[in-house]
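Notes for the one structure printed next.
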């Protein structure tokens, strides 16, 4: 890597160019190491859902050519919490079919290609991707006289592979494109059409799309896939091009009225012409009120990253700390953003293992690599991305388990948003889109807290609390007072920072200062059993 990500402070970079960066997880059986050079080793441990909780111990042993050896003990702690296999978040990484075909030395749509393609899809699904794009060109277009016929056999085989690997959504690629980025001129794409005599011609979108869109919607409905499908209009419309973009979007709606529309966008103001809005992270951060207004009117919100944002925002470039990749999905949870999009799964430049594309930040083009016989190789960044997606599922799990306790308690428990505890913990890691935790141990401590709270949640006596302000907010000294509300089982007594608080119908409320450790400590007692709930605060001034 000969250059760093532009416009990024040095302290936000993992290392300075020129340098080499460890990223691909190679499939080599062995590698030669240089004497006297420290070599880190990365290993993964898979814990099956039925594994018994407890500590598992093993050793990593290194043996040199002269017979000398060294070993290190490895301890894996398995908690009695099972991570859901579901995908609660929509995640798409756009991928190059041509690069997959080249990696496995196969012709596009050949049997060899299909086998290789499924291996790539399986790897994406293993890393919790559940949205996959499908090219419009997977539909073969035939013309008899002035009538069009559409062959969906390749499209169907493609989608069946995606569904076999858990796809929750299929993205149909763009029907149009801007003539230049940031411009106002937009053109419908053209299509290859096979005529009766076997000749192939290019025909305009104006001619083909009205027929193709109607056929597409009818075919998706017939296959039972319509609810799983979205279609792109034109990538990254800006303020200069939004009016022309909206015309094309209405054209698509005219001919496929039941097909939801999605696009990565660089502005606001799409009204009812877009169902799934996907702004860049920095635009969502800076124009949040506009996007939230759209959500209030029925839009679904995701976010995306690409060559932007840079600076102090998180992204997944080669020279960024891995925590920046991981926290992207804490941001999904923090702001209730339903999905994440990135264009660069395998769009490598000349050499996937060599110098990055000089026109883009390093690593923007791909997060996976070609291995032996075309098989896909994951990367450290893809591992960090999956870690973030699993963190998201843990947060969702905590939220859902709190709701179950609320229902069991009933009464006042159902009136207050105690499930916001998951959001409160999330916000300790990402109080803002640029103010997120930079130290991995800070994130891991909160993750451990989520697990501990999941384990404690259903222990008796059942109890839930809310504080105002919430735990993640920094409190200005003035003096400090915290409002505490809670619910518990009937027959409990409650103490808040040493003060007895009355409980009426399982509900209690009070206000309190903080103890010497800047905490609120709530003790809920029933008989001889005591549950302790703690909240820690940061006080400034």
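The values are calculated or read from the model by the stated rules, or taken from the named source; none is laboratory data. Keep in mind that what you see is a predicted model, and the values were worked out from it rather than measured. Reconstructed Cβ throughout: ideal geometry from the backbone, glycine too, with neighbour counts over all protein chains shown.
Some points to look at:
- Filter pass, residue 114 being within 30 Å of the chain's Cα centre (by Cα), crowded, with 19+ Cβ neighbours inside 10 Å and assigned by TED's automatic domain parsing to the domain that holds residue 339: no
- Filter result (over 14 Å from residue 271 (Cα atoms) and part of a helix (DSSP H, G or I)) within region 287-297: 288, 289
- Among all positions in region 234-244, there is no residue which is crowded, with 18+ Cβ neighbours inside 10 Å, in contact with a helix residue (DSSP H, G or I) (Cβ under 9 Å, 6 or more places away or on another chain), more than 17 Å from residue 181 (Cα to Cα) and touching a residue at least 12 places away in the same chain (Cβ under 8 Å).
- Exactly one residue out of 166, 182, 224 is surrounded by fewer than 16 Cβ atoms within 10 Å (Cβ to Cβ) and under 26 Å from residue 122 (Cβ atoms), and it is 224.
A quick yes/no check of all residues on (1) touching a strand residue (DSSP E or B) at 6+ places or on another chain (Cβ under 9 Å); (2) surrounded by fewer than 18 Cβ atoms within 10 Å (Cβ to Cβ); (3) at positive phi; (4) not in a helix (DSSP H, G or I):
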position	(1), (2), (3), (4)
246	no, no, no, no
250	no, yes, no, no
254	no, yes, no, no
257	no, yes, no, yes
262	yes, no, no, yes
269	no, yes, yes, yes
272	no, yes, no, no
277	yes, no, no, yes
284	yes, no, no, no
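- Selection of helices (runs of 4 or more DSSP H) fully inside region 298-417 by the criterion of at least 2 residues being at negative phi, crowded, with 19+ Cβ neighbours inside 10 Å and not assigned by TED's automatic domain parsing to the domain that holds residue 261 returns 380-409.
- Residue 12, sole failed condition from (1) surrounded by 10 or more Cβ atoms within 10 Å (Cβ to Cβ); (2) at positive phi: (2)
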